[in-house]
Structures are given as C-alpha cells and as structure tokens.
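To keep things clear, I will list the structure first and then write my remarks on it.
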C-alpha cells in the first residue's frame with residue numbers, strides 16, 4: 001500500500017500485505033503504518049501478490065497457507081477468491097484467481113484519488129465485475145492461466161477511480 005502526493009512523491013508501507021475476508025469483519029478495516037505528515041492525493045495498492053513474494057515461498061501472517069490463499073510453490077498465492085451462485089442463471093461460480101509467471105501474471109495495480117481525510121472508506125462494486133464477466137467467463141477458474149488473468153484485469157474495475 002502506498003500514498004502518492006501531487007508532486008508524485010510516493011511513500012510505501014513496508015511489508016504491506018493485507019488479507020480482506022468478508023467473513024471476518026476485523027479484516028475489513030485497514031490501518032496502514034504510513035506517515036501522518038504527508039498530504040496524499042492518491043492511494044495505490046496491488047490486488048494480489050507480486051512475483052518476488054510468490055517466488056519466496058510460504059510465509060507467515062496473512063500469507064500463511066493456513067489462511068487458505070496459497071496453492072503450491074509452483075502456482076504461488078491466490079490473489080482473490082470469489083464463490084457463490086448467479087441468481088439469474090441458477091448456476092454456481094468458483095473463482096480462485098492467481099498466477100505470477102509470464103505470460104499469466106494476475107497482479108493488478110489499483111490507484112484511487114483520495115480526499116484530504118484521516119479516514120477513508122472505499123466502496124467495492126462487485127456487481128460491475130460480474131456484469132462484465134458474466135457472458136465471457138467460465139463458471140470455474142481454479143488455476144493460473146489465460147482466464148484467471150483476464151478476470152483479474154476485470155477485478156481492478158470494482159474499485160472507484162476516486163472517492164469523496
């Protein structure tokens with residue numbers, strides 16, 4: 001996670017990995033360890049795990065395999081899990097998106113313009129993802145590959161370009 005100001009100076013949170021689990025309300029609030037004397041104009045973060053961290057193998061904290069977000073040393077970490085049912089089609093979907101090796105690197109960069117505020121709430125529009133993906137995406141993506149990469153690109157569109 002990083003903050004950028006209008007002069008394009010960037011400060012980054014060290015070892016910045018956060019696991020957001022909708023079933024764990026404590027994980028829905030993130031308090032980054034960044035300087036409070038920095039006038040940020042945007043927030044930047046990766047949706048997923050970078051290739052260096054993936055190549056380093058099993059780690060602890062939110063990267064611990066017990067969190068259910070690690071495939072294997074060869075496939076690396078799962079960047080995003082979405083599972084459920086399409087009400088309109090009465091079918092289930094299961095998306096475990098990840099992959100860090102070329103040409104199917106699924107890591108996405110998100111940048112959001114932010115107001116001058118101490119507290120920031122970022123809405124996620126998951127319906128936007130499903131609207132874009134519904135017709136062209138298989139119901140199950142469970143390993144790295146072309147489909148995982150394409151759907152990962154769409155996941156970044158769930159986030160707004162700015163918040164007020």
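The values are calculated or read from the model by the stated rules, or taken from the named source; none is laboratory data. None of the values given here were measured: they were computed from a predicted structure. Using ideal geometry, Cβ is built from the backbone for each residue, glycine included, and neighbour counts are taken over all protein chains shown.
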Worksheet item: Is there a residue being in contact (Cβ under 8 Å) with a residue 12 or more places away in the chain, farther than 25 Å from residue 145 by Cβ and not in a loop (DSSP other than H, G, I, E, B) anywhere in the stretch 82-89?
Response: no
Worksheet entry | The one condition in (1) in a helix (DSSP H, G or I); (2) surrounded by 13 or more Cβ atoms within 10 Å (Cβ to Cβ); (3) out of contact with any strand residue (DSSP E or B) (no Cβ under 6 Å at 6 or more places or on another chain) that residue 131 fails to fulfil | (2)
Fill in: Candidate set from the stretch 136-149 (those that are assigned to a helix (DSSP H, G or I) and touching a strand residue (DSSP E or B) at 6+ places or on another chain (Cβ under 9 Å)); member that is surrounded by the most Cβ atoms within 10 Å (Cβ to Cβ)
148
Discussion item. Checking residue 112 against (1) over 14 Å from residue 140 (Cα atoms); (2) in contact (Cβ under 8 Å) with a residue 24 or more places away in the chain; (3) exposed (fewer than 15 other Cβ atoms within 10 Å of the Cβ), only one condition comes out false. Which one?
Written reply: (3)
Worksheet entry | Hey, residue 44 modelled with pLDDT of 90 or more, closer than 24 Å to residue 160 by Cβ and either in a loop (DSSP other than H, G, I, E, B) or within 16 Å of the chain's Cα centre (by Cα) (or both) or not | yes
Discussion item. Of all residues being free of Cβ contacts under 8 Å to residues at least 60 places away in the same chain and either on the phi > 0 side of the Ramachandran plot or in contact with a helix residue (DSSP H, G or I) (Cβ under 9 Å, 6 or more places away or on another chain) (or both) in the stretch 26-55, which is surrounded by the fewest Cβ atoms within 10 Å (Cβ to Cβ)? Just the residue, please.
Written reply: 27
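For (1) touching a strand residue (DSSP E or B) at 6+ places or on another chain (Cβ under 8 Å); (2) within 25 Å of residue 117 (Cβ to Cβ); (3) outside any loop (DSSP other than H, G, I, E, B), each residue gets a yes or a no:
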position: 11; (1), (2), (3): yes, yes, yes
position: 16; (1), (2), (3): yes, yes, no
position: 22; (1), (2), (3): no, yes, no
position: 31; (1), (2), (3): no, yes, no
position: 38; (1), (2), (3): yes, yes, no
position: 52; (1), (2), (3): no, no, yes
position: 66; (1), (2), (3): no, no, yes
position: 71; (1), (2), (3): yes, no, yes
